[in-house]
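Structure record follows, encoded as structure tokens.
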Amino acid sequence: MSGFVWYSFGSDKTGPALGKSCGFDAGKKTPKFDKYDVVVGWGCKPGTKYDSEALAQLIAQNQVRILNHPDAVSMNRDKLGTLQKLKELGIATPGFLAFDPKRPAVAGGTLVPHALEAGEISLPLVVLTKYNRGEPIFCYTVQDVSAALKGNSKKEHPYEYVRTFDYGDEYRIHVFRDTALFAQKKELDEDPVVATTAALEEKYLKRKKKSDDPVAKHLRGLVRDVCGMLAGEILSSAHQLKKSVKMGWKYMDWGMDLVPAEVAELAIEAMDAAKLDMGAVSISYVDGVPRVLSITTSPALTEDQMSMYAAEIQAFGDTGGQSKDFKAAKEAKKEKVASPELAAKLYRKIKGLSAEKAEEFLQSLEE
């Protein structure tokens, strides 16, 4: 069986390693599809030479089998677009609001307050770019949002949406087709002050200075002193609520038997809705309710985890598995769970109401 792992600059560490583990060729350039039995889209970034229609014909003729169609991988790069698609198909996500990045004042001054009042989103919020480039900005208030968007239109990667921040447990479920392979959970793994110091050293020095460079040593000492003075704020900052990997948090191996069943089920449904065969789904779990945060088609993997992916890919090839015919989105479950945004809206509406007004409001909900 011949195969090819197609990766991009963002997955140039795991891509070649996965290819080696599978015994496949690997590369960033568009492969000759008719040369291989199986092609794996591993965070690939199709160039202008990519012919989607020609590939469709090869798949229809069973001349090549695809895991993670490159079109689906490309669509998933757009994280905002992915959330919008998942929402349309009835997949649970945190509330979010897209806005015109060229009009940040409107977003911060009008759109976000209206969306909060309507219960579409709820505080706290994170402000993100369309492709989730750069650091997300954590906002406790509407004023924080306005400050975060200041000068937005002039930024290289402007912010384009805000998302309700789900503050509960965060899982990462690795899926292959319709099976949850294994799970991870974000846990605190390192002293936040030590981790923050290391992250700032790397950020400001960018590893360009030699370890014995006097200036580098001075900067390292300065960073450590500042982090020491700000230790209290670091330990209680928004980054700790966000479980930032730059402040000591890490995805730890987690037994599937310890993962709520609805979390694993949602991960598989999300992958299916995104028309992807394999990858990792990040899911928040707040008050017994799971929601999809994002999907990655080229997750970071340990050697053991890489072997698990490789085994599934090889089994797919050896058994003559076909490129997946993705079914339509499943019907929404009959049992509905109120979102935190809806609960917040309800609280705002009934807070301080008289019994008569409260009864009128409840009647309006039934209509």
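Could you tell me whether residue 283 is surrounded by 14 or more Cβ atoms within 10 Å (Cβ to Cβ), in contact with a Phe, Trp or Tyr (Cβ under 7 Å, 6 or more places away or on another chain), under 25 Å from residue 40 (Cβ atoms) and modelled with pLDDT of 95 or more? It is true that residue 283 is surrounded by 14 or more Cβ atoms within 10 Å (Cβ to Cβ), in contact with a Phe, Trp or Tyr (Cβ under 7 Å, 6 or more places away or on another chain), under 25 Å from residue 40 (Cβ atoms) and modelled with pLDDT of 95 or more. Identification of helices (runs of 4 or more DSSP H) wholly contained in segment 54-168 with 3 or more residues that are in contact (Cβ under 8 Å) with a residue 40 or more places away in the chain and closer than 30 Å to residue 324 by Cα yields 70-77, 79-88.
The requirement of being under 23 Å from residue 243 (Cα atoms), of a type in the set (Lys, Arg) and modelled with pLDDT under 95 is not satisfied by residue 210. When residue 149 is tested against the conditions (1) within 18 Å of the chain's Cα centre (by Cα); (2) surrounded by 15 or more Cβ atoms within 10 Å (Cβ to Cβ), the lone failure is (1). Here residue 71 passes the criteria (1) farther than 22 Å from residue 278 by Cα; (2) under 21 Å from the mean Cα position of the chain (by Cα) except the one numbered (1). Taking residue 277, is it of a type in the set (Asp, Glu) and either loosely packed, with under 12 Cβ neighbours inside 10 Å or modelled with pLDDT under 75 (or both)? Answer is no for this residue.
The values are calculated or read from the model by the stated rules, or taken from the named source; none is laboratory data. As the structure is a computational prediction, the values presented were derived from the model and not from experiment. Ideal geometry is used to build each Cβ from the backbone, glycine not excepted, and the neighbour counts take in all protein chains shown.
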